[in-house]
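Only one structure is covered here, and it is reproduced in the block below.
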There are 6 protein chains.
Amino acid sequence: MQERFIGKTITYDGRQLSSHWAYRNFGLQGDSIISFRGPCRVELTEMVDLADVLEHAPIFSTDMLHFIVEHFDLDLERTIIRQRLLIATLKDVIVQKTGAQLRRAGDDLFLGQRKLSVSIATLTPVSTMIHTGVNVSSKDTPVPACGLADLGLPDEEVEDVARDLCRAYVREYQEIKLARCKVRGVN
Amino acid sequence: MQERFIGKTITYDGRQLSSHWAYRNFGLQGDSIISFRGPCRVELTEMVDLADVLEHAPIFSTDMLHFIVEHFDLDLERTIIRQRLLIATLKDVIVQKTGAQLRRAGDDLFLGQRKLSVSIATLTPVSTMIHTGVNVSSKDTPVPACGLADLGLPDEEVEDVARDLCRAYVREYQEIKLARCKVRGVN
Amino acid sequence: MQERFIGKTITYDGRQLSSHWAYRNFGLQGDSIISFRGPCRVELTEMVDLADVLEHAPIFSTDMLHFIVEHFDLDLERTIIRQRLLIATLKDVIVQKTGAQLRRAGDDLFLGQRKLSVSIATLTPVSTMIHTGVNVSSKDTPVPACGLADLGLPDEEVEDVARDLCRAYVREYQEIKLARCKVRGVN
Amino acid sequence: MQERFIGKTITYDGRQLSSHWAYRNFGLQGDSIISFRGPCRVELTEMVDLADVLEHAPIFSTDMLHFIVEHFDLDLERTIIRQRLLIATLKDVIVQKTGAQLRRAGDDLFLGQRKLSVSIATLTPVSTMIHTGVNVSSKDTPVPACGLADLGLPDEEVEDVARDLCRAYVREYQEIKLARCKVRGVN
Amino acid sequence: MQERFIGKTITYDGRQLSSHWAYRNFGLQGDSIISFRGPCRVELTEMVDLADVLEHAPIFSTDMLHFIVEHFDLDLERTIIRQRLLIATLKDVIVQKTGAQLRRAGDDLFLGQRKLSVSIATLTPVSTMIHTGVNVSSKDTPVPACGLADLGLPDEEVEDVARDLCRAYVREYQEIKLARCKVRGVN
Amino acid sequence: MQERFIGKTITYDGRQLSSHWAYRNFGLQGDSIISFRGPCRVELTEMVDLADVLEHAPIFSTDMLHFIVEHFDLDLERTIIRQRLLIATLKDVIVQKTGAQLRRAGDDLFLGQRKLSVSIATLTPVSTMIHTGVNVSSKDTPVPACGLADLGLPDEEVEDVARDLCRAYVREYQEIKLARCKVRGVN
C-alpha cells in the first residue's frame, strides 16, 4: 500500500471518489491513501450517501484536509470497518497534536457537539474507496462545526496531520496483512 | 449481535476461543461479544499466535477483564480489522473512565512502555473469533505491564468498562451493517 | 430484514429493480421485501433477462401482485437460490388460500400449462435483487396465463397473499441466519 | 452435479456427513446428491446441530429415506438456502405421490403436528453438506412423527421418491447455474 | 464451459469485451471461450488497461487471431491467473505447431524482443473477461512485433491454433473443477 | 511474497504440507514459496489426493526437488489455477536449462510417456498450499519416470532450477497483484 501527500490545493467535489484516481493522477498503482488540502463542495448529484441525499444535507467546507483511500477488493463491509479504524487513528493523530478532547461516533469526529469531519465509504466496479475530510476552518459550514484551526493547530502543521495519518494507516494495513498469517486455526 | 457480561470469575486458558463458546455456555446464538473477569493462563499448546509460540512468550495475568467475540463468517482479515477497532474503542472507554494517556499500537494498549492488554484473532471451522484481555492487576505479569487498577479505576467500576465496551461494539456493529446499505456505487 | 405492503397502485416497468428502491421511496434501509399491486409493462430496453430479450418476449400484465426483494451482498447465485425458495413459498401461500394445484418449475408457477408468474434475479453495483410478479388477472397476457382471480381468490384477499409471503420470507431469512450459527463443522 | 440411489440398506449414524463420502464410497467426484434407505441412529457425539445437543434431543428412526448432498464451496449460508429448497422440492415430490397435505416449516416437513423429516446442513474443511432423512416408518420415533408409509405410499414406491428428488435437485442446480449467466446487471 | 471458433472475419475494437457477448451473438450461455480472426483496432476510449491509456499506447494490428473468454464469477485476481495460464497454453500450442522458441513474460508472448500477442483481463458487472490477440501478420504494428506467419505457420493452419487452444482451455477448466473436489484438507 | 531455497536435505513425507510450515521452520511469515531437495516418501495416511488413496498409488522417489507454496486465502480453485501456472513456469525453467521437449498435462510434466513430477494443492484451516516435486533421479520410482539427471542437467545445477522457479513465481505473483489494479471495469 502506498501513501502520498499532494502539496497543491484541490477542491473535493466527489469526483475524486472514483476508481484509480490515485493511479490516473499521481501514478500510484494498487491500494493507496492520498491526502490533500482544499475546499469541499459536493453537489447532490455527486453524493453517494443516500441518507444525505434524502435529507438534502449539503456537504460544504471552505478548507479541509482530505484523505482518499482505495482498496482493490470488493468487500464493502470490510472497507467500512477500515473506515472506522481510519477515523479512530485520525482522532489519535489530532489528539496527540492538539490535546483536544475529541470523540469518535462511528465515522464522525466531534468536539462536544461540534462536528470536525465528514466521511463516506463505497464501491466502484473494481475497488472500494473511502473519503474522509476534516475541517481546517469551520467558517460557513452547514452544521455546527469545528476545525483544526479551532483546536489551536498552527496552519503549517496541518500537513503533518495528513502525513502522520497516511503513515499510520499504511503501517497498520501492513501489520494486519501479516497478522492474518501468524495464527493457527482453533476448533 | 448480542452482548453479555458474565458475573462469575472465569480463568481464560485459551479454550474459550473455540466456536459456539457463547452458545454452548450461555445460550447466545449468532454473533456475540461476551465479557468476564478472571485470571489468564494460556499454555503453549493452547496458544494460537505462532509468533508467541516461536518466542516461547507466555501469556499470564492474575486478574484480567476478558472479551470473547465471535463473528459467523470466515473472513479472517475482516475480523482482524474489527479487532483493531475493538481495541481503539476499548481505549476510548478506559480513557473516558480514567483520564489515562493510553496509546494503541496495533492490537495492544500501552501506558508509556507498559502493556495493558493482550489480544488475538483467529478462525474456527465455522466462524472467526477475537480474544482481548485487559489487565486489572499488573502483578506478576511476564512483561512490564499496567492494569486498570494502576490507572486508578476503582474495583467496582471494572465491570462498567466491560459493559460499556460490549454496548459500544454491538452498536457500532449494527451501524456498520446499516452503513453498508445506504451508499450508491461510483465509477 | 424489513417488509412492507404498499397500498397504492404502482406500475412495474423494470425501473423498480434498481438498488435502494425501497430506501429511496419508502425509507426501508437494509435487506427488504416490498409488495405492491399494479400493471406490469417492461420495455425491451429495461429487461434484464437476456433470454427474453433475444426472444423478443414481452412482459405484460394488466394487474399483478409484485414483490421486490433486495439483499445487500453481491452473490448472485445465492440470490437465485433465494428466488427459487421465494417462489416455493409463494406457491404454499396461494395453495393454502385457494386450494389450487399449482406446480413450480424453477422460478415460475403454473396451473397446468398456464403461467401464473414471472420472476428475475440480478445484480446491482451494491446488492442483489429479485422481482416476482404474480398475475391477478390473466386478461391480455402474451402467453397462456392464469391469475389469482381465476383461482377463485376474492379481490380483497389479494393483499393477504402479499402480506403472508412477505412475513414468511422475512421469518425464513432470519431462521437461515440463525441456522448458520448453530452447527459445528465436520471432517 | 451427479446423483445416485444406493440400493442396499445403510444405517445413517452421522459419519456419512463427512467430506467426499460419495467419492470415497461410490466414486462420485464433485457436487452430488446420494440417496439410500435405512435406520437412523445418531449419537450425541456425532450430532452437528448444537441446539439438539444442548437439548439432548436424540435422532432416531427405524426406517428412513436418506439424502446426502455435497457442494464443493465453503458458503454455509448458501447451502442452508439450498437445504430449504431441497425440502420444498421433497414436499412437492411426496405430495404428488401421496396427495398428503404436508407443510414445510424451515427445514422440516409436517403432517399436522407430526414430523416427517429431519435435516441439517454444515461445513467440512473443503465443502458444505446436507443430510435430510424422511421417515418411512414412524414406529419408535422420539417425537410425534409420521412416515411415508403412514401417508399410504406403497413400500416399493419409496425408492421412486428418492429418484424423483435426486433428479429434480440436479436439474434445478443446473438451471440455477445457467440462470446466473443470462442477466445483465442493473443500477 | 463452451468453446467456439467463429469462421467469419470480425474486427476486435474493444466492444467484444462486454458481458454476454458470446450469449448475445452466438447463443453460448455460461462460461465460454470464443475465437475469431480479424484486424485489431482499439480506440483510447475503449481501452481498459489504464497503463496503456496513460502511455497513449495504441493497440493495432491488421490481422490477429482473437480469443474472448468469459467466466461468470467476480474474482478478478482469479481470472488474471487464468489469463496467464491461457497464455502459457497458447505458447505450447504455437510451439507445437511451429517449433518457434517463444517466451512468455506475464500475459505477453515474445520471439526474442518481438511481441507476438496482446492481452487484458477485466470485470463486467456480472462476470470477468479476458481478451487475447495473437498477431497473424506483423505488418504495421506500433511496436516491434512478430506474427504466426513470420513463424512459418501456413495461413490455413491459423484456425487450428484457435481450435487447439479453445479445446485445451476448456479441458483444463474442467480438470481444475474436478481437482477442487478430490483433496482432503490438511492442518 | 517471500521465497527461499533450503540448502539441507529434507525428506518430503507429506507433513510439510501443513499451514505455517515456512513460518514455523524458517521464519517466513506470509505467502511464500520454499524449495529443498530430498527423497519423497508419502504414506497413504498422509496423502491428500483421494484419487491416489483410492488407487493405492504410492508416491515415492529417492531424490526430488521440492516446492512448498502457501497462500493465505481460502480459495482452493484459485490456488489450483496457480498450481497449473507454477507447473507451466517450471516447464519453461527446465526447458531453458536442458532443451528437453517437455509436455505439461494439467499439474504433471512428462517427457514422452515418462512422468517428471508430482503435485497437489489443498486447503488448511487458514490457507491454501501446493506441493510440487520434480524427480532428480528416476531410480526406483513406482511409475515410468524421468528425472532432471536423465535430461542431462548436471547435479550442481539442480539448485538453479529451484532458485529460478522461486524467483519467477514470486515475480509473477507480484505482477498479478498489480495487474488487478490497472483495469477499469466494462459493461
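The values are calculated or read from the model by the stated rules, or taken from the named source; none is laboratory data. Bear in mind that the values here come from a model prediction, so they are computed numbers and not experimental data. FYI the Cβ positions are ideal-geometry reconstructions off the backbone, even for glycines, and counts take in every protein chain you see.
Details
- Selection status of E:THR98, of a type in the set (Ser, Thr, Tyr) and more than 8 Å from chain F (Cβ to nearest Cβ): yes
- Region C:54-64, subset buried (at least 20 other Cβ atoms within 10 Å of the Cβ) and among the hydrophobic types (A, V, I, L, M, F, W, C), residue nearest to the other protein chains (Cβ to nearest Cβ): C:ILE59
- Number of the condition not met by D:ILE176 [criteria: (1) farther than 30 Å from C:ALA22 by Cα; (2) not in a strand (DSSP E or B)]: (1)
- Yes/no for C:CYS146 being under 27 Å from C:LEU50 (Cβ atoms) and either modelled with pLDDT of 95 or more or within 17 Å of the chain's Cα centre (by Cα) (or both): yes
- Taken over region D:57-88, residues that are part of a loop (DSSP other than H, G, I, E, B) and under 22 Å from D:ARG4 (Cα atoms) amount to 2.
- Evaluating E:GLY112 against the criteria (1) of a type in the set (Gly, Ala, Ser); (2) more than 21 Å from E:ARG15 (Cβ to Cβ); (3) touching a residue at least 40 places away in the same chain (Cβ under 8 Å) leaves one unmet condition, (3).
- Across region C:106-151, the number of residues qualifying as surrounded by fewer than 18 Cβ atoms within 10 Å (Cβ to Cβ), touching a Ser or Thr at 6+ places or on another chain (Cβ under 8 Å) and under 22 Å from D:LEU178 (Cβ atoms) comes to 1.
- Residue check for F:ALA51: free of Cβ contacts under 8 Å to residues at least 12 places away in the same chain and either away from chain E (no Cβ under 14 Å) or among the small types (Gly, Ala, Ser) (or both): yes
- Applying the condition of being over 17 Å from C:ILE87 (Cα atoms) and hydrophobic (A, V, I, L, M, F, W, C) to region D:70-94 and asking which residue is farthest from the other protein chains (Cβ to nearest Cβ) yields D:ILE94.
- Within region B:121-164, considering residues that are away from chain C (no Cβ under 14 Å), out of contact with any Gly (no Cβ under 9 Å at 6 or more places or on another chain) and assigned to a strand (DSSP E or B), the one farthest from D:THR128 (Cα to Cα): B:ALA145
- Of all residues in region D:106-120 being small (Gly, Ala, Ser) and either in a loop (DSSP other than H, G, I, E, B) or closer than 30 Å to F:THR124 by Cβ (or both), the one that is nearest to the other protein chains (Cβ to nearest Cβ): D:GLY106
- Residues of region E:89-105 that turn out to be part of a loop (DSSP other than H, G, I, E, B) and of a type in the set (S, T, N, Q), as a count: 1
- D:ARG37 fulfils the conditions (1) in contact (Cβ under 8 Å) with a residue 24 or more places away in the chain; (2) assigned to a strand (DSSP E or B); (3) among the basic types (Lys, Arg); (4) closer than 29 Å to B:ASP73 by Cα except for a single criterion, (4).
- Positions within region D:97-130 being within 12 Å of the chain's Cα centre (by Cα), within 19 Å of C:ARG184 (Cβ to Cβ) and of a type in the set (Ser, Thr, Tyr), in sequence order: D:SER119
- Single residue of region B:65-81 satisfying the filter (within 17 Å of D:LEU74 (Cα to Cα) and not charged (D, E, K, R)) that is surrounded by the fewest Cβ atoms within 10 Å (Cβ to Cβ): B:LEU74
- Output for region F:26-48, where each listed residue is modelled with pLDDT of 95 or more and facing another protein chain (nearest Cβ under 10 Å): F:GLY27, F:LEU28, F:GLN29, F:GLY30, F:ASP31, F:SER32
- Residue in region E:18-50 that is nearest to F:GLU175 (Cα to Cα), counting only those that are surrounded by 15 or more Cβ atoms within 10 Å (Cβ to Cβ) and among the aliphatic types (A, V, I, L, M): E:LEU50
- Sole residue being within 14 Å of chain C (Cβ to nearest Cβ), on the phi < 0 side of the Ramachandran plot and in contact with a Phe, Trp or Tyr (Cβ under 8 Å, 6 or more places away or on another chain), chosen from B:ARG103, B:ARG180, B:ARG184: B:ARG180
- Pick from region E:55-69, criterion aliphatic (A, V, I, L, M) and within 16 Å of the chain's Cα centre (by Cα), ranking: farthest from F:ILE87 (Cα to Cα): E:ILE59
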